[in-house]
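Peer 1: The structure follows.
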Ligand SMILES: *Cc1c(COP(=O)(O)O)cnc(C)c1O
């Protein structure tokens, strides 16, 4: 006979309340690789919810690189980087990332969440101040909150609000941290203005470019290249490998002193197992591939253009995004879920994003596009949206 324990009694009401407020989250069971077509819970869908923007997550050559490196290095890295887990593949990837980004050095982290956490907490602490855009990714916000520095959120992309806050701080160190491309909105941070303000106010600028890396800029370096910001203007550059690069992990790039400081001080770097060397090898190949196959970025741009034009002619309200992230603002959580369900009924998979991932009252369908989507697949999405919004 099962007995309700005090643990369950304590936890159940919050779960029930979440359900009632249409905020309950459920996982779907993916039965295929990422791609424009996926099998989920036994059904096939055209999917617009992956961050695999360039279609590299299942690229045969990347898969082969992973297989070959695991034949040589095995699966697990066996230790943290500072103990005995820093392999030649990790090291080569760091050098290639630094060169690609035009930075002195780069440091790999096992995930983007850990890169943000480790970097912010290594750079600022008690007596310092950290300023973050209120729409920053949760990992960057959590990093700021746990640093012990005085934590302030400024209005989204509002440089004057940030300036006012910087002017009224007495803190020794001041760190400004923003997403390069906002993950739930798709718009870009005004990096040139932020870099200028950081210089004037003697603050440090950190950019999380998880969604810009691989997509923006002539070579695909990301937001820094798009705005032409070098290491002097943008000294702390972070990006992830699990999105456009299609693999897993993250890195921070910057000066020698920055990277050495992170190696000595970033706890989420020091006290964790290094990513599998084969994942580093696959990332190296992916980094080369997407430079060789620049048509992928071109194809992505074409699909973004097609979607925005089509959505506009349907009278849908788009957000000011030129990136692969093209959210449709719905507002109400229940309505967003209902729309996502109805799209699924038409064979189109899109995820409804609800609070607390986005502010209350701004539930949305987060549509993401990929270089691998065909024109017909985007038309299928637009047709389904057209039918549903006419209902
Ligand atoms: C996905 C994401 C992260 C976290 O990266 P992981 O490697 O998935 O942990 C951090 N910042 C932003 C903006 C992201 O979108």
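The values are calculated or read from the model by the stated rules, or taken from the named source; none is laboratory data. Nothing here was measured: the structure is a model prediction, and the numbers come from that model. Note that each Cβ is placed from the backbone with ideal geometry, even for glycine, and that neighbours are counted across all protein chains shown.
Peer 1: Check off (1) within 11 Å of the ligand (Cβ to nearest atom); (2) part of a strand (DSSP E or B) for residue 213 and give me the number that stays unchecked.
Peer 2: Condition (2) is where residue 213 drops out.
Peer 1: For residue 296, state whether it is over 30 Å from residue 88 (Cβ atoms) and assigned to a helix (DSSP H, G or I). Spell out how you get there, then give the answer.
Peer 2: Working: over 30 Å from residue 88 (Cβ atoms): no; assigned to a helix (DSSP H, G or I): yes.
So residue 296 does not fit the description; no.
Conditions (1) assigned by TED's automatic domain parsing to the domain that holds residue 343; (2) crowded, with 18+ Cβ neighbours inside 10 Å; (3) on the phi > 0 side of the Ramachandran plot; (4) at pLDDT below 95, marked per residue:
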site	(1), (2), (3), (4)
78	no, no, yes, no
107	no, yes, no, no
116	no, yes, no, no
122	no, yes, no, no
125	no, no, no, no
135	no, yes, no, no
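Peer 1: Every residue in segment 50-76 that is under 19 Å from residue 295 (Cβ atoms) and without any contact (Cβ under 8 Å) to a residue 40 or more places away in the chain, please.
Peer 2: Correct list: 60 only.
Peer 1: Taking segment 268-291, which residues are more than 16 Å from residue 236 (Cβ to Cβ), assigned to a helix (DSSP H, G or I) and within 16 Å of the ligand (Cβ to nearest atom)?
Peer 2: As a first pass, look at segment 268-291 and keep what is more than 16 Å from residue 236 (Cβ to Cβ): 270-291.
Then drop every residue that is not assigned to a helix (DSSP H, G or I), which leaves 270, 277-291.
Within segment 268-291, 279, 280, 282, 283, 286, 287 meet the criteria.
Peer 1: To continue, here is another question. Can you confirm whether residue 285 is within 18 Å of residue 220 (Cβ to Cβ), buried (at least 19 other Cβ atoms within 10 Å of the Cβ) and in the same structural domain as residue 100 (by TED's automatic domain parsing)?
Peer 2: Working: within 18 Å of residue 220 (Cβ to Cβ): yes; buried (at least 19 other Cβ atoms within 10 Å of the Cβ): yes; in the same structural domain as residue 100 (by TED's automatic domain parsing): yes.
For residue 285, the condition - within 18 Å of residue 220 (Cβ to Cβ), buried (at least 19 other Cβ atoms within 10 Å of the Cβ) and in the same structural domain as residue 100 (by TED's automatic domain parsing) - is met.
Conditions tested, residue by residue: (1) closer than 14 Å to residue 97 by Cβ; (2) in contact with a strand residue (DSSP E or B) (Cβ under 7 Å, 6 or more places away or on another chain).
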| residue | (1), (2) |
| --- | --- |
| 206 | no, yes |
| 209 | yes, yes |
| 214 | yes, no |
| 217 | no, no |
| 236 | no, yes |
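Peer 1: Is segment 160-167 home to any residue that is without any contact (Cβ under 8 Å) to a residue 12 or more places away in the chain and surrounded by fewer than 16 Cβ atoms within 10 Å (Cβ to Cβ)? Write out each step before concluding.
Peer 2: From segment 160-167, those without any contact (Cβ under 8 Å) to a residue 12 or more places away in the chain are 160-161, 164; that's our starting set.
Next, only the ones that are surrounded by fewer than 16 Cβ atoms within 10 Å (Cβ to Cβ) stay: 160, 164.
Yes, there is a match, as at least one residue in segment 160-167 is without any contact (Cβ under 8 Å) to a residue 12 or more places away in the chain and surrounded by fewer than 16 Cβ atoms within 10 Å (Cβ to Cβ).
Peer 1: Then there is this: Could you list, in sequence order, the residues of segment 41-55 that are away from the ligand (no atom under 16 Å from the Cβ) and at pLDDT 95 or above?
Peer 2: Within segment 41-55, 43, 44, 45, 46, 47, 48, 55 qualify.
Peer 1: Sticking with this structure for a sec: Find the strands (runs of 3 or more DSSP E) located wholly in segment 89-177 whose residues include 3 or more that are more than 16 Å from the ligand (Cβ to nearest atom), and list them.
Peer 2: Numbers: elements: 105-109, 129-133, 150-154.
Filter on segment 89-177 gives 150-154.
Peer 1: Quickly run through segment 19-31 and pick out the residues that are assigned to a loop (DSSP other than H, G, I, E, B) and either exposed (fewer than 13 other Cβ atoms within 10 Å of the Cβ) or at pLDDT 95 or above (or both). Step through it out loud before you land on a result.
Peer 2: Start the filter on segment 19-31 by keeping residues that are assigned to a loop (DSSP other than H, G, I, E, B), which leaves 21-29, 31.
Selection gives 21, 25, 26, 27, 29, 31.
Peer 1: Looking at 242, 222, 246, which one is farther than 30 Å from residue 125 by Cα, within 16 Å of the ligand (Cβ to nearest atom), at pLDDT 95 or above and under 20 Å from the mean Cα position of the chain (by Cα)?
Peer 2: Working: 242 fails: farther than 30 Å from residue 125 by Cα; 222 fails: farther than 30 Å from residue 125 by Cα.
After applying the criteria, what remains is 246.
Peer 1: Within segment 192-212, work out how many residues are more than 17 Å from the chain's Cα centre (by Cα) and free of Cβ contacts under 8 Å to residues at least 60 places away in the same chain.
Peer 2: Pass one, segment 192-212, residues more than 17 Å from the chain's Cα centre (by Cα): 192-205.
So of that shortlist, the ones also free of Cβ contacts under 8 Å to residues at least 60 places away in the same chain come out as 192-202, 205.
Number of matching residues: 12.
Peer 1: Still on this structure, I have one more. Can you pull out every residue in segment 168-183 that is buried (at least 19 other Cβ atoms within 10 Å of the Cβ) and touching a strand residue (DSSP E or B) at 6+ places or on another chain (Cβ under 6 Å)?
Peer 2: Start the filter on segment 168-183 by keeping residues that are buried (at least 19 other Cβ atoms within 10 Å of the Cβ), which leaves 174-183.
Within segment 168-183, 174, 175, 176, 177, 178, 179, 180, 181 meet the criteria.
Peer 1: Please determine, by comparing only the residues of segment 249-258 that are more than 14 Å from the ligand (Cβ to nearest atom) and crowded, with 21+ Cβ neighbours inside 10 Å, which one is farthest from residue 33 (Cα to Cα).
Peer 2: Initial filter on segment 249-258 (more than 14 Å from the ligand (Cβ to nearest atom)): 253-258.
From what is left, the residues that are crowded, with 21+ Cβ neighbours inside 10 Å are 253-254, 258.
Values: 253: 30, 254: 34, 258: 37 Å.
Taking the candidates together, the pick is 258.
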